[in-house]
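Right, one structure below, let's go through it.
The values are calculated or read from the model by the stated rules, or taken from the named source; none is laboratory data. Every value quoted in this text rests on a predicted model; they were computed, and no experiment measured them. All Cβ positions, even for glycine, are placed from backbone atoms using ideal geometry, and neighbour counts span all protein chains on display.
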Amino acid sequence: MQISEQTRDGALVIQASGRLDSSSAGALEAVLPARIQTHDKVVLNLTDVAYVSSAGLRVLLIGAKAARAGGKKLALAGLSESVREVFDISGFTSLFTIAPDVDGAIAALG
């Protein structure tokens, strides 16, 4: 998994690419909660993530909990159809602000 970051319109945008599974979830877990603690608004761009396993969902849940605990905002952007289906089936869709793209996610964070 490749992870890059940039600040855009007052939000930190974390770009992930590759598979978010048991072999790569640790890389995102090392970044996401820490960035949420230091930024008020975080967008996780999943446009280039084609697959999310239960290990990946666990990391995203950790991020959501960190955001709620710290009064921060987290949004997800660019979920592919297959990743969106995993979110829908697992019930994670209701846990996150989800937008079709980064601009929409930033706007949704206010």
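Checking the condition modelled with pLDDT of 95 or more, hydroxyl-bearing (Ser, Thr, Tyr) and more than 21 Å from THR93 (Cα to Cα), which residue from THR47, THR7 passes?
Result: THR7 is the single residue among THR47, THR7 that is modelled with pLDDT of 95 or more, hydroxyl-bearing (Ser, Thr, Tyr) and more than 21 Å from THR93 (Cα to Cα).
Given the structure, is ALA34 farther than 16 Å from ALA77 by Cα and of a type in the set (A, V, I, L, M, F, W, C)? Steps first, answer last, please.
Numbers: farther than 16 Å from ALA77 by Cα: yes; of a type in the set (A, V, I, L, M, F, W, C): yes.
Yes: the conditions hold for ALA34.
Identify, please: which residue in segment 39-51 is over 17 Å from ALA99 (Cα atoms) and not hydroxyl-bearing (Ser, Thr, Tyr) and is, among those, surrounded by the most Cβ atoms within 10 Å (Cβ to Cβ)? Let's see the steps before the verdict.
Going through segment 39-51, the residues over 17 Å from ALA99 (Cα atoms) turn out to be 39-40, 51.
Add one more test, that the residue is not hydroxyl-bearing (Ser, Thr, Tyr), and what stays is 39-40.
Numbers: HIS39: 20, ASP40: 14.
Looking at residues that are over 17 Å from ALA99 (Cα atoms) and not hydroxyl-bearing (Ser, Thr, Tyr), I get HIS39.
Condition first: surrounded by 16 or more Cβ atoms within 10 Å (Cβ to Cβ), in contact with a Phe, Trp or Tyr (Cβ under 8 Å, 6 or more places away or on another chain) and either not polar (S, T, N, Q) or not in a helix (DSSP H, G or I) (or both). Can you find one or more residues in segment 93-107 that meet it?
Within segment 93-107, one or more residues are surrounded by 16 or more Cβ atoms within 10 Å (Cβ to Cβ), in contact with a Phe, Trp or Tyr (Cβ under 8 Å, 6 or more places away or on another chain) and either not polar (S, T, N, Q) or not in a helix (DSSP H, G or I) (or both).
Being of a type in the set (Lys, Arg) and assigned to a helix (DSSP H, G or I) is the filter here; which residues of segment 46-92 pass it?
Restricting attention to segment 46-92, the residues satisfying the condition of being of a type in the set (Lys, Arg) are 58, 65, 68, 72-73, 84.
Within segment 46-92, ARG58, LYS65, ARG68, ARG84 qualify.
Filtering segment 65-88 down to residues that are surrounded by 19 or more Cβ atoms within 10 Å (Cβ to Cβ) and among the small types (Gly, Ala, Ser), which residue is farthest from ARG8 (Cα to Cα)?
ALA67
For ALA11, which of the numbered conditions (1) out of contact with any strand residue (DSSP E or B) (no Cβ under 7 Å at 6 or more places or on another chain); (2) of a type in the set (Gly, Ala, Ser); (3) over 24 Å from GLU85 (Cβ atoms) fails to hold?
(1)
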